[in-house]
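The values are calculated or read from the model by the stated rules, or taken from the named source; none is laboratory data. All values reported here derive from a predicted model rather than from experimental measurement. Positions of Cβ are generated from backbone atoms using ideal geometry, with glycine treated the same way; all protein chains shown enter the neighbour counts. Accessible surface areas use protein heavy atoms only, side chains included; no ligands, DNA or RNA. Shrake-Rupley method; radii C 1.70, N 1.55, O 1.52, S 1.80 Å.
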Amino acid sequence: MNTTARTPSGAHRFWGTLRAWLTTKDHKKIAVLYLLTITLFFVIGGVIATIMRIELAGPGEDVVSAEAYNRLFSLHGVIMVWFFLIPAVPTVLGNYLIPLMIGAPDLAFPRLNLASWYVFVAGGALTLVAMVTGGVDTGWTFYTPYSSTFSQSHVVLTVCGIFLAGVSSIFTGLNFIVTIHKLRAPGLTWFRLPLFVWTHYATSIILVLATPVLGMTLLLVLIEHAVGIGIFDPAYGGDPLLFQHFFWFYSHPAVYVMILPGMGVVSEVICCFSRRRIFGYRFIAWATLAIAVFGFLVWGHHMFVSGQSYLASLVFSVLSYLVAVPSAIKVFNWLATLYGGAIRLDTPMLYVLGFIGLFTVGGVTGVVLATLAVDVHLHDTYFVVAHFHTIMVGGMVMAYLAGLHFWWPKMTGRRYDERLGRLGAVLVFVGFLLTFLPQFILGYQGLPRRVATYDERFHLLQVMSSAGASVLALGYLVPAVALVKSLFGKAEPAGRNPWGATGLEWQTTSPPPAENFLAQPVVTGDAYDYPNAPAPVAARGGAHG
Amino acid sequence: MVVGLATLGVFATMGYFVWRYRYRPGVNETGRDVPGSTRLEVGWTIATTVVFGGIFALGAAGFAERQHVPAGRDVEDVLVVGKQWMWKFQHGGGRREIAVLHVPVGRVVRLSLTSEDVIHSFYVPAFRVKQDALPGRTTTLWFEATTPGTYPFACAEYCGGEHSRMVGQIVAMPAEAYDAWLEHREPGEMPLAAAGREVFARHDCATCHDTHANKPAPPLEGLVGRRRVFEDGAALVADEAYLRESVLEPSARVVAGYAVAGRSPMPSYAGVLTNEELFELLYYLRTLKDATGVSR
């Protein structure tokens, strides 16, 4: 991008380019800024995970001390949740694609969009400062009263960083809602919208409604921590469970913030590479909204053994099954979309098939955990760790990579090496299974999570998990190489529509001009009209099939 | 299990479709234009809901079983106090121990859990039980060991620095051996009811709470399990949570006829009694009922 930086005489032009990027109001460039930022955080979070897996390869304090390990898993969680998973698909792909998909020149509030990035960077910077000056050891969940009155680590700084990330989320959600309501092209009715837009709409609603609760809760922790006013610590007259209710009221819906946009990516990709309309468009759209709504009502399933009342646990268990139903409906519809298709296994499709498989594993293990009697045993064990990593890493990260590969030609105008891309997809899938299947077993055998040391009897499975993690780490390097490589050397131009996809974003140039479309597009039919779509153009890297 | 089969089903269907409908030049240049199917959608929605409902019912039944000690069983009471980073146990018979918990086989063991600092969670994987221990309140958990042996337990709720070393072992021993073990009290250890009576005496509770009439506080014999009517007309059956509240926060609910200027004349004992003293006192108050059978 900033190729001018490499010529010394171009210093002036370099600063000019940098300034142009840092003051841009173009949603596409802001998406690229976000892409660079969250990739940085993903790398930091990944490096931390690597150190954790190395430490866990031995049962004692082999590489780092318990104190250090506690800081590592806390930072891994904080960074991956708030500075990668939550923003990843919405702020990169959503930011880039929503205006293109609905035929608009930009988001409704371009300045707010840029502001959201600056606030996000400020939040990230605070968190990184906290990290390098000693870190935080409360876990990403900040359970009180440990976080509010006992922890000696940088709770205040980290909490401020997360608070800012939350503000950024609210800006983005607000912007998407207004944009989707007001800027749709003529003829683009609600039920003609690509499902990617639907999922972002649902996500935005969650962001706007739930994130303020997080902000409020974190402020209360700060107040107790800094001023000593009793809110959560019973020693000051507070209630420790109150925090958990507040926290999960946000953090459970936040799970859907992470996964719903990924489901949007899946719906786009699976149609394109099956050359079919999506099966049950309206059911998927309604299921999306149902997940967003029910997602607000299930927070108590994190608290079955916390001391909440028996009745509350029963109700939260029932509601948790209710949120699983629309998720299952989505999986069935995706499978039905494969039926009768003309399926091409390009990189995005491989990631999507991996997503469906792993999302199913994550979903059914979620059902296992929602089962009251079983959760009593599995709660706060490695089983839970494996479960949510299956949804977050197996599901969400794979969907993100699917989307990144799918729209990369659109964003850059270049095609990536298809063979490398497929290799990456397979490695990530296999590495994931090798890392987390042992952790399901560890949890079933009763190993609690967040432990720096463990009993000998868990050693073998821990070594297997760490070995699998090295495959996974390698797997993540391959797509990075494939995508970055495409930017250098002689370009293989992507053309407007290399995948032969439907959707307005494929009707403009790659990359699109600043105003997205030279003439206002008009929509006359439903989404995913693949029977009448142009044929895909094979990339040089490999033939289709 | 059902969920395992469902997962295999999804993988198998996906694998079959991907192979069956793979792109073959000249054979299927584009996908078949299959419209959606409302019947299918409604069908799999209902099927999923029914299956989930069944799983829920099974889980809820198992969970309900853990809520109350089975009626008519002898109960061995143990106070469990979590603190950074150890588990302390105090048996109803008076013995105290740390990191090792002796229990009798074939008897219900009821743990009353609390914490001195942050939230911990007492987890015995072999017994499939787990319960958080919270500061400032008591939670309970029961289990019954059926085979003598040692069973590891751990803290399942992250609680800071040495969380991963907050582990120990349950030693399940034949009931007679346990009873004999229980008798080997160290100096200073005494049965809980006796210890509770001492707490009761030490804080001069009897000055007001006496069985004689015309005392400023309600009598306590046979209190647990009896219905209490309060100043504001509300009522409840006295249980351990109510006893606890009455000691720590006397004015929260005042028994009808005993309020002075709308409040209880009794001072709060929060911060005055330690967790152990409170447990001993409440244990003693429970035995008051056992001693007299029913109320006056």
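Rounded to the nearest 20 Debye, what is the dipole magnitude of chain B about its Cα centre when Lys and Arg each give +1 and Asp and Glu each give -1 at the C-beta?
Dipole about the Cα centre, nearest 20: 980 debye.
Quick check: residue separation of residue B:270 and residue B:183 times 0.36 nm, minus the Cα distance between them. What number comes out in nm? Kindly include the intermediate steps, with their values, before the conclusion.
Details: separation 87, 0.36 × 87 = 31.32 nm, distance 3.20 nm.
Additional length available on full extension: 28.1 nm.
Compute the acute angle (0 to 90°) between the alpha-carbon long axis of helix B:192-202 and the principal axis of greatest extent of the alpha-carbon atoms of chain B; round to the nearest 10°.
50 degrees
Counting only other chains, what is the mean number of Cβ atoms within 10 angstrom of the Cβ of each residue in peptide B:11-19?
That average works out to 5.
Nearest 20 debye, what's the magnitude of the dipole of the range A:17-145 about its Cα centre given +1 on Lys and Arg Cβ and -1 on Asp and Glu Cβ?
Details: 7 positive and 7 negative charges, 138 e Å.
It works out to roughly 660 debye.
What aspartates and glutamates sit close enough to residue A:29 to cross-link, taking a C-alpha to C-alpha distance under 17 Å and skipping anything fewer than 8 places away on the same chain?
A:106, A:505, A:515
If you fit an axis through the alpha-carbon atoms of helix A:281-294 and take the longest principal axis of the Cα set of chain A, what angle between them do you get, 0 to 90°, nearest 10?
Helix A:281-294 sits at roughly 30 degrees to that axis.
Over chain B, give the accessible area per residue in Å² for a 1.4 Å probe, as an integer. Display every interim value, and only then the final one.
Working: 14280 Å² over 296 residues.
With all protein chains present, chain B gives 48 Å² per residue.
Using 17 Å as the cut-off for backbone N distance, which residues of the range A:252-293 belong to the label zone defined by a point 7 Å from the Cα of residue A:216 along Cα→Cβ?
So the set is A:252-254.
Suppose each label sits 7 Å from its Cα in the direction of the beta carbon; what would the residue B:169-residue B:231 distance come out to in nanometres?
According to this spin-label approximation, the distance is 5.4 nm.
In whole Å, how far is the Cα centre of the range A:333-353 from that of the range A:238-270?
Cα centroid to Cα centroid, the span is 27 Å.
Calculate the radius of gyration of the Cα atoms of the range B:2-65 to one decimal place, then report Dmax, the largest Cα-Cα distance, as a whole number, both in Å.
My reading of the Cα-based Rg and Dmax gives 18.1, 63 Å.
Where the eigenvalues come from the Cα gyration tensor of the protein assembly as shown, what are the semi-axes √(5λ) of the equivalent ellipsoid, largest first, in whole Å?
Working: eigenvalues 624, 152, 134 Å².
Square roots of five times the eigenvalues give 56, 28, 26 Å.
Once R0 is set to 56 Å, what does the formula 1/(1 + (r/R0)^6) return for the Cβ-Cβ distance between residue A:488 and residue B:256, expressed as a FRET efficiency to the nearest 0.05? Don't skip to the answer; put the middle values down first.
Details: r = 84 Å, r/R0 = 1.51.
It comes to 0.10.
Find the Rg to Rh ratio for the range B:186-236, where Rh is the Kirkwood radius over alpha-carbon pairs and Rg uses the same atoms.
Values: Rg = 14.5 Å, Rh = 13.2 Å.
Ratio of gyration radius to Kirkwood radius: 1.10.
Inside 10 Å of the C-beta atoms of A:389-402, what's the mean count of C-beta atoms belonging to other chains? Don't jump to the answer; show the numbers that get you there.
Working: counts 0, 0, 0, 0, 0, 0, 0, 0, 0, 0, 0, 0, 0, 0.
Other-chain Cβ atoms within 10 Å of each residue's Cβ, averaged: 0.
Which one of A:391, A:459, A:413 has its Cα pushed farthest toward the positive end of the charge dipole of chain A, where Lys and Arg give +1 and Asp and Glu give -1 at the Cβ?
Of the listed residues, the answer is A:413.
Suppose every Lys and Arg Cβ carries +1 and every Asp and Glu Cβ carries -1, with no other charges. What dipole size does chain A come out with about its Cα centre, to the nearest 20 debye? Present the calculation step by step, with values, prior to reporting the outcome.
Details: 30 positive and 23 negative charges, 420 e Å.
With only Lys, Arg, Asp and Glu charged at Cβ, the dipole is about 2020 debye.
With a 1.4 Å probe, what is the total accessible area buried between chains B and A, in Å² rounded to the nearest 100?
Working: alone 17580 and 20980 Å², together 32190 Å².
Rounded to the nearest hundred, the buried surface is 6400 Å².
Classify chain B as rounded, prolate or oblate from the Cα gyration tensor: take a ≥ b ≥ c as the square roots of its eigenvalues, call it rounded if a/c is under 1.5, otherwise prolate when a/b beats b/c and oblate if not.
Since a/c reaches 1.5 and a/b is larger than b/c, the shape of chain B is classed as prolate.
Pairs to check: A:25/A:410; A:330/B:130; A:25/A:330. Give those whose C-alpha atoms are more than 29 Å from each other in this structure.
Values: A:25/A:410 19 Å; A:330/B:130 34 Å; A:25/A:330 35 Å.
Over 29 Å Cα-Cα: A:330/B:130; A:25/A:330.
Give the lysines whose C-alpha is closer than 28 Å to that of residue B:215, dropping any in the same chain fewer than 8 places away, or say none.
By straight Cα distance, residue B:215 reaches B:289.
Based on the Cβ-Cβ distance from residue A:522 to residue A:132, what FRET efficiency comes out when R0 is 41 Å, to the nearest 0.05? Walk me through the intermediate numbers first.
On the way: r = 53 Å, r/R0 = 1.28.
Between residue A:522 and residue A:132 the formula returns 0.20.
For a test of the definition: using alpha carbon positions, the gyration tensor, and the 1.5 limit on a/c, classify the range A:476-545 as rounded, prolate or oblate. Could the numbers behind the result be given before it?
Numbers: a/c = 2.42, a/b = 1.51, b/c = 1.60.
Since a/c reaches 1.5 but b/c is at least a/b, the shape of the range A:476-545 is classed as oblate.
Can you pull the mean other chain C-beta count within 10 Å for peptide A:137-149? Walk me through the numbers on the way to the answer.
Working: counts 4, 2, 4, 0, 1, 0, 6, 3, 7, 10, 2, 1, 2.
Going residue by residue through A:137-149 and averaging, the value is 3.
Per DSSP H run of n ≥ 4, the term is -39500 (n - 2.57); total these for chain A, divide by its residue number, and report the mean residue ellipticity at 222 nm rounded to 500 deg cm²/dmol. Kindly include the intermediate steps, with their values, before the conclusion.
Details: 16 runs with 334 residues, N = 545.
Value at 222 nm, helices only, nearest 500: -21000 deg cm²/dmol.
Lys/Arg Cβ at +1, Asp/Glu Cβ at -1, dipole of the range B:75-183 taken about the Cα centre: which of B:181, B:82, B:104 is farthest positive-ward?
Of the candidates, B:82 comes out farthest on the positive side.
Using a probe of 1.4 angstrom, how much of the accessible area of the range A:26-520 is carbon and sulfur, in percent? Display every interim value, and only then the final one.
On the way: 10780 of 14540 Å².
Carbon plus sulfur share of accessible area: 74 percent.
I need the peptides A:523-529, A:16-22, A:131-137, A:496-502 ranked by packing, meaning the mean over residues of other C-beta atoms within 10 angstrom, with the highest value on top.
A:496-502, A:131-137, A:523-529, A:16-22
Between residue B:204 and residue B:68, what is 0.36 nm times their sequence separation minus the Cα-Cα distance? Round to one decimal in nm. Kindly include the intermediate steps, with their values, before the conclusion.
Working: separation 136, 0.36 × 136 = 48.96 nm, distance 3.35 nm.
My answer for the length gained is 45.6 nm.
Got a number for carbon plus sulfur as a percent of the range B:75-183's accessible area, 1.4 Å probe? Don't skip to the end; give the middle numbers.
Details: 1700 of 3260 Å².
Its accessible area is 52 percent carbon and sulfur atoms.
Ratio to report: Rg/Rh of the range A:257-335, with Cα atoms as the point set and Rh obtained by the Kirkwood method; give two decimals. Don't skip to the answer; put the middle values down first.
Details: Rg = 15.4 Å, Rh = 13.9 Å.
So for the range A:257-335, dividing Rg by the Kirkwood Rh gives 1.11.
To the nearest 0.05, how large is the calculated FRET efficiency for residue A:467 and residue B:5 if R₀ is 30 Å and r is the Cβ-Cβ distance?
My answer for the efficiency is 0.55.
Can you tell me how the range A:157-234 classifies by the Cα gyration tensor, rounded, prolate or oblate, using a/c under 1.5 as the rounded cut?
On the way: a/c = 4.65, a/b = 3.56, b/c = 1.31.
Taking the square roots of the gyration eigenvalues as a ≥ b ≥ c, the range A:157-234 is prolate.
In degrees between 0 and 90, to the nearest 10, how far off the longest principal axis of chain B does helix B:2-20 point, with axes built from Cα atoms?
Taking the Cα atoms of chain B, the angle to B:2-20 is about 20 degrees.
Of the peptides B:158-168, B:266-276, how do they stack up when ordered by the mean number of other Cβ atoms within 10 Å, highest first? Write out the running numbers ahead of the final one.
Details: B:158-168: 22.1, B:266-276: 14.6.
Ranking the peptides B:158-168, B:266-276 by packing returns B:158-168, B:266-276.
Tell me, what is the percent relative contact order of chain A, built from C-alpha pairs under 8 Å that lie six or more residues apart? Kindly include the intermediate steps, with their values, before the conclusion.
On the way: 919 pairs, mean separation 92.3, N = 545.
Answer for chain A is 17 percent.
Given the options A:493, A:142, A:288, identify the residue whose Cα lies farthest towards the positive end of the charge dipole of the protein assembly as shown (+1 on Cβ of Lys, Arg; -1 on Cβ of Asp, Glu).
Towards the positive end, the residue furthest out is A:493.
Suppose a student asked you for the relative contact order of chain B, using Cα pairs under 8 Å spaced at least 6 residues apart; what percent would you report? Walk me through the numbers before you get to the answer.
On the way: 453 pairs, mean separation 40.0, N = 296.
The normalised contact order for chain B reaches 14 percent.
With N set to the residue count of the range A:26-520, report its C-alpha Rg divided by 2.2 N^0.38 Å to two decimal places. Walk me through the numbers before you get to the answer.
Numbers: Rg = 21.9 Å, N = 495, 2.2 N^0.38 = 23.2 Å.
Against the empirical 2.2 N^0.38 Å value, I get 0.94 for the range A:26-520.
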